[in-house]
Amino acid sequence: MSGRDQRRGADEAQRNPGVAEVLPESGVSPASGLRLRVQHGFPGFRLDVDLSLPGKGITVLFGHSGSGKTTLLRCVAGLERARESHIALNGECWQKGRDFAPTWRRAIGYVFQEASLFPHLDVRGNLAFGMKRATGRVNEDEIRVMADRFGIAHLLARKPEGLSGGERQRVAIARALLTRPQLLLMDEPLSALDNARKQEILPYLERLHDELEIPVLYVTHQVEEAARLADHIVLMEQGRVLATGPAAEVLTRLDLQGSFSDEMGSVLDARVVERDEHYSLSRIAFAGGSLLVGGATRAIGSKVRARVLARDVSLATVQPGPSSILNAVPATVLEIRDDGVDKVNVRLAIGEAGSAEGAMLVSRITRRSRDLLALEVGQAVHAQVKSVALLT
Amino acid sequence: MLVEQDWSAIWLTLKLASTVTVLLLLLGTPLAWWLANTHSRLRGTVSALVSMPLVLPPTVLGFYLLLLMGPNGPLGKLTQWLGLGLLPFTFWGLVVASTFYSLPFVVQPIQNAIEAIGVRPREVAATLRASPWDTFWSVVVPLARPGFLTAAILGFAHTVGEFGVVLMIGGNIPGITRVVSVQIYDHVEALEYAQAHWLSGGMVLFSFIVLLALYTLNPDTRRARS
């Protein structure tokens, strides 16, 4: 069983009946997973969350700046001392009432937003720093293996000042993992990097995703990062949890369209089923249907995650004729929501009419089109997908 | 050339300055740490008190220290109760007075260096399982080294250069409280200008070498202090 299957399992167990609650609910403390109940405030800001998160996979804390996601992460790490909180991981309590385990006694790894390497130590010294303290000894073999894994083996003798931003962040992640944490906390680890550096690091994060046995809390305000990495999303606004649930579900919730705005879209966890080397295309299949995507480099059977932006999905009520658009899939309208200006978002289940079990798509069309097509919930439509991005 | 009394004064001066520097680093570091990190309302008051020797005439400081350490002063009563006798006109009296007098020269560079490092490296160390004590030695001290070096050099040099406080507290007892600056004063009083030249010239050279070392060996000084 692969990492992603296991994580999906954890997500299923975590899922509330129906869609996630809009407001956080109180729950009993589970023996596995991360239990967070935090009330914290300073003048002009109040954080109040109550969450039970899966014990595995990447949970993205998503929200605009000022939503409290970083403060929440710092509370979990013990860098911020919340006034009222209960923080427990797999049944081990880190904070409850007046009992407060200081940061250095918590089995966490923390990756900060900006480069946070110790300038007085070389890369090896930085990697060994936490390992020595967490495990009581420095295991050179383990350092070498970890350095290889993050492509930094050739940098071990270098000082941080000589490294690029992307290299520094890879060292920081490797350094955190070498402490063998029970929980990895990442605070916008890519936000200080330019796009090229981001693309350089994302593959490493995705590998983490597949290999890590521990839960990860990942803070970001980028929809794309959330879509790429998240198994589970916690959407935050003004210190509160607006929504929580499996990524594919939260990202397609039309009531949250304001949070994702133009980047509204869906993620599809799929499998490569065909490769067409002649046209350099692959077919990926998921619940309810399949799509053609560019590129024929992935092995048949490999797992991929694809993202389809709502603005790239158009709708037709009859089977479209010959078209340059390769992908047209039958789907059923589940929900229609007006954005209050000129557009509507339409949530669809892919699959033959009447089936609501398929993977979800969101289509963003004009209000005028909705009226012309006389769209209503339950209707069978054909969704034309202009572009599919493979994320992994 | 230098006479025996001159050598004795030089030796005493170096002994005093070394002792005071060690004490200043021991006392100044926690004080600087507190000042760099506290949000207490007392911060301004303590900063002002630490900096007082920068603006007060040494005679004023010496006068009050003399009263404090004298037979009726609280510190004097304490030292007598402890069986240490009275501190004025002793070597240790000079040490106490000099420590007060040079405190700002040690506290400020260390405080500035700690403030320049900021809280982030300490947070990083905590997430890597380092206790606060461990963090201090493995992260703060190495990163603040230029500040500590500056503090030690300034504390030492300033103690070597003091005069007014020494006269007030220590007087002029050969081998016990007669340091170089006082010895020079004596030579001049006695119109022994040649002797005064040797010692004064030596002090000029010493000061220049110390400051030259400070600014060349320690290129980070400016950054650590700003």
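Quick check: is even one residue across region B:127-136 touching a Lys or Arg at 6+ places or on another chain (Cβ under 7 Å), within 8 Å of chain A (Cβ to nearest Cβ), part of a helix (DSSP H, G or I) and hydrophobic (A, V, I, L, M, F, W, C)?
no
Any chance you could count how many residues in region B:152-181 are within 22 Å of B:Leu25 (Cβ to Cβ) and not in a helix (DSSP H, G or I)? Before the answer, list the steps.
Looking only at region B:152-181, we keep the residues that are within 22 Å of B:Leu25 (Cβ to Cβ), and these are B:152-162, B:165-166, B:169, B:179.
Those left that are additionally not in a helix (DSSP H, G or I): B:161-162, B:179.
Matching residues across region B:152-181 total 3.
Within region A:112-129, how many residues turn out to be out of contact with any Pro (no Cβ under 9 Å at 6 or more places or on another chain) and modelled with pLDDT of 95 or more? Steps first, answer last, please.
Step one: list which residues in region A:112-129 are out of contact with any Pro (no Cβ under 9 Å at 6 or more places or on another chain), which gives A:114, A:124-125, A:127-129.
Then keep just the ones that are modelled with pLDDT of 95 or more; that gives A:124-125, A:127-129.
Going through region A:112-129 one residue at a time, the tally reaches 5.
Restricting attention to region A:120-136, which residues are more than 7 Å from chain B (Cβ to nearest Cβ) and either within 19 Å of B:Pro142 (Cβ to Cβ) or surrounded by 18 or more Cβ atoms within 10 Å (Cβ to Cβ) (or both)? Talk me through it step by step, then tell me what you get.
Taking region A:120-136 as the starting set, the residues that turn out to be more than 7 Å from chain B (Cβ to nearest Cβ) are A:121-128, A:131-132, A:135-136.
A:Leu121, A:Asp122, A:Val123, A:Arg124, A:Gly125, A:Asn126, A:Leu127, A:Ala128, A:Met131, A:Lys132, listed by residue number.
So how many residues does region A:81-103 have that are under 27 Å from the mean Cα position of the chain (by Cα) and either in a strand (DSSP E or B) or at the interface with chain B (Cβ under 10 Å from one of its Cβ atoms) (or both)?
Of the residues in that region, 10 qualify.
Within region A:228-240, identify whether any single residue is in contact (Cβ under 8 Å) with a residue 60 or more places away in the chain, among the polar types (S, T, N, Q) and crowded, with 24+ Cβ neighbours inside 10 Å, and answer yes or no. Step through it out loud before you land on a result.
Initial filter on region A:228-240 (in contact (Cβ under 8 Å) with a residue 60 or more places away in the chain): A:228-240.
Going one step further and asking which of them are among the polar types (S, T, N, Q), we end up with A:238.
Retained after the next criterion (residues that are crowded, with 24+ Cβ neighbours inside 10 Å): none.
Within region A:228-240, none of the residues are in contact (Cβ under 8 Å) with a residue 60 or more places away in the chain, among the polar types (S, T, N, Q) and crowded, with 24+ Cβ neighbours inside 10 Å.
Quick one: B:Val106 ticks every box in (1) at pLDDT 95 or above; (2) away from chain A (no Cβ under 14 Å); (3) more than 20 Å from B:Val179 (Cβ to Cβ) bar one, so which box is it?
(3)
Would you say A:Leu155 is crowded, with 21+ Cβ neighbours inside 10 Å and more than 15 Å from A:Glu114 (Cβ to Cβ)?
On the way: crowded, with 21+ Cβ neighbours inside 10 Å: yes; more than 15 Å from A:Glu114 (Cβ to Cβ): yes.
Yes.
What pairs come out if I take residues in region A:171-189 that are under 11 Å from A:Asn126 (Cβ atoms) and pair them with residues that are assigned to a strand (DSSP E or B) and β-branched (Val, Ile, Thr) whose C-beta lies under 6 Å away, six or more apart or interchain?
From region A:171-189, the pairs are A:Ala172/A:Val111; A:Ala176/A:Val111.
Which one of these is under 18 Å from the mean Cα position of the chain (by Cα), among the acidic types (Asp, Glu) and not in a helix (DSSP H, G or I): A:Glu206, A:Glu200, A:Glu213? Give the steps one after another, and end with the answer.
Numbers: A:Glu206 fails: not in a helix (DSSP H, G or I); A:Glu200 fails: not in a helix (DSSP H, G or I).
Of the residues listed, the single one that is under 18 Å from the mean Cα position of the chain (by Cα), among the acidic types (Asp, Glu) and not in a helix (DSSP H, G or I) is A:Glu213.
Kindly indicate which of A:Val38, A:Val76 is within 19 Å of the chain's Cα centre (by Cα) and modelled with pLDDT of 90 or more.
Details: A:Val38 fails: within 19 Å of the chain's Cα centre (by Cα).
Residue meeting the stated conditions: A:Val76.
Checking the condition surrounded by fewer than 24 Cβ atoms within 10 Å (Cβ to Cβ), without any contact (Cβ under 8 Å) to a residue 40 or more places away in the chain and within 30 Å of A:Leu72 (Cα to Cα), which residue from A:Ser280, A:Ser261, A:Ser324, A:Ser290 passes?
Numbers: A:Ser280 fails: within 30 Å of A:Leu72 (Cα to Cα); A:Ser324 fails: within 30 Å of A:Leu72 (Cα to Cα); A:Ser290 fails: within 30 Å of A:Leu72 (Cα to Cα).
Being surrounded by fewer than 24 Cβ atoms within 10 Å (Cβ to Cβ), without any contact (Cβ under 8 Å) to a residue 40 or more places away in the chain and within 30 Å of A:Leu72 (Cα to Cα) holds for just one of A:Ser280, A:Ser261, A:Ser324, A:Ser290, which is A:Ser261.
Just to be sure, is B:Ile153 crowded, with 17+ Cβ neighbours inside 10 Å, more than 14 Å from chain A (Cβ to nearest Cβ) and of a type outside the set (Phe, Trp, Tyr)?
On the way: crowded, with 17+ Cβ neighbours inside 10 Å: yes; more than 14 Å from chain A (Cβ to nearest Cβ): yes; of a type outside the set (Phe, Trp, Tyr): yes.
For B:Ile153, the condition - crowded, with 17+ Cβ neighbours inside 10 Å, more than 14 Å from chain A (Cβ to nearest Cβ) and of a type outside the set (Phe, Trp, Tyr) - is met.
When you look at A:Arg74, is it assigned to a loop (DSSP other than H, G, I, E, B) and either within 14 Å of chain B (Cβ to nearest Cβ) or touching a Lys or Arg at 6+ places or on another chain (Cβ under 8 Å) (or both), yes or no? First the steps, then the outcome.
Working: assigned to a loop (DSSP other than H, G, I, E, B): no; either within 14 Å of chain B (Cβ to nearest Cβ) or touching a Lys or Arg at 6+ places or on another chain (Cβ under 8 Å) (or both): yes.
Here the answer is no, as A:Arg74 does not meet what is asked.
The values are calculated or read from the model by the stated rules, or taken from the named source; none is laboratory data. None of the values given here were measured: they were computed from a predicted structure. When we count neighbours, we look across all protein chains shown, and the Cβ atoms used for this are built from the backbone with ideal geometry, even at glycine.
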